[in-house]
Amino acid sequence: MRSRLSPREPRLMKNLLLDLISLSDLKLLQPYLRPAYFKQHHVLFEADEKIRHVYFPAGGVVSLIITLSTGEMVEAAMVGMDGVVGASAALDGKVSLSRGVIQLPGEIIVCDIDALKTAALQSPKLLSLLIRHEQTVYAQAQQSAACFATHQVEARLCRWLLRARDLSASDNLPFTQEYLAEMLGVRRTSVTVVAHTLQAAGMIKYSRGKIQVLNSEALQDSACECYAAVRAHYERLVGAPPAGVPDRPTAEEAPKVPYAELEK
Ligand SMILES: [Zn+2]
């Protein structure tokens with residue numbers, strides 16, 4: 001097993017939230033932080049399930065998904081290097097309200113759930129940061145509901161690709177059309193038509209199971225207002241959101257220590 005992280009090890013800088021935690025608070029958490037590599041589509045936890053860990057993505061990206069009894073699912077929020085997954089469960093209840101799935105593979109720093117709660121109860125600053133971050137996730141979920149009800153598939157797909165690009169710091173996104181259709185809650189044929197349109201306009205290059213963002217500015221022009229709204233909520237509550245510039249270490253470069261090894 002890999003050694004635990006020390007405070008302010010450069011690796012931690014890949015998660016903006018850990019970067020905002022004071023050094024004294026980080027020292028409380030340090031013995032309980034462990035980096036691991038997660039594969040795409042790995043399920044971190046199911047809805048209504050007790051969870052034992054919280055997750056600070058540092059390259060990997062997590063989808064929070066609401067599933068219905070019919071098997072349909074809709075993505076409520078996407079969390080990557082800008083946040084933490086499971087913090088509200090850590091603060092109270094330990095139960096997740098949604099399913100957490102790895103949307104883009106990569107490194108995530110795993111923290112013991114009790115350690116985060118203990119540290120937060122000792123530090124009003126840390127508690128405030130976690131609560132403000134949870135508000136950004138709530139705001140994302142509200143935005144997603146409004147987006148789903150009112151915005152066109154093309155604008156929603158543009159928004160979604162930009163968000164995934166920001167959080168993974170990569171122009172290369174390994175998504176199949178089936179997966180995109182599932183996340184957006186639309187038919188696959190709708191995604192096919194829209195992906196073709198975006199490719200014809202030179203915004204993306206689409207090949208089997210892979211999307212490359214070619215022109216992010218044009219994607220922003222075609223995205224619905226929800227992309228900018230989510231960034232604005234984050235900036236107001238937490239701080240500057242991820243720049244969306246793929247100049248940081250990407251998921252492909254992250255060390256590949258499988259999550260299963262942490263459990264041993
Ligand atoms: Zn929208």
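The values are calculated or read from the model by the stated rules, or taken from the named source; none is laboratory data. The structure presented is a predicted model; accordingly, all values stated were derived computationally and were not measured. All Cβ positions, even for glycine, are placed from backbone atoms using ideal geometry, and neighbour counts span all protein chains on display.
For residue 129, work out the one condition from (1) crowded, with 22+ Cβ neighbours inside 10 Å; (2) assigned to a strand (DSSP E or B); (3) out of contact with any Pro (no Cβ under 8 Å at 6 or more places or on another chain); (4) of a type outside the set (Lys, Arg) it doesn't fulfil.
(2)
Can residue 166 be described as buried (at least 23 other Cβ atoms within 10 Å of the Cβ), assigned by TED's automatic domain parsing to the domain that holds residue 217 and not hydrophobic (A, V, I, L, M, F, W, C)?
yes
Any idea which of (1) surrounded by fewer than 18 Cβ atoms within 10 Å (Cβ to Cβ); (2) part of a helix (DSSP H, G or I) is the one residue 180 doesn't satisfy?
(1)
Taking the range 197-239 only, how many residues are surrounded by fewer than 19 Cβ atoms within 10 Å (Cβ to Cβ), assigned to a loop (DSSP other than H, G, I, E, B) and within 16 Å of the ligand (Cβ to nearest atom)?
1
Being crowded, with 23+ Cβ neighbours inside 10 Å and farther than 17 Å from residue 205 by Cα is the filter; apply it to the range 141-162 and report the residue that is farthest from the ligand (Cβ to nearest atom).
Among residues in the range 141-162 that are crowded, with 23+ Cβ neighbours inside 10 Å and farther than 17 Å from residue 205 by Cα, the one farthest from the ligand (Cβ to nearest atom) is 144.
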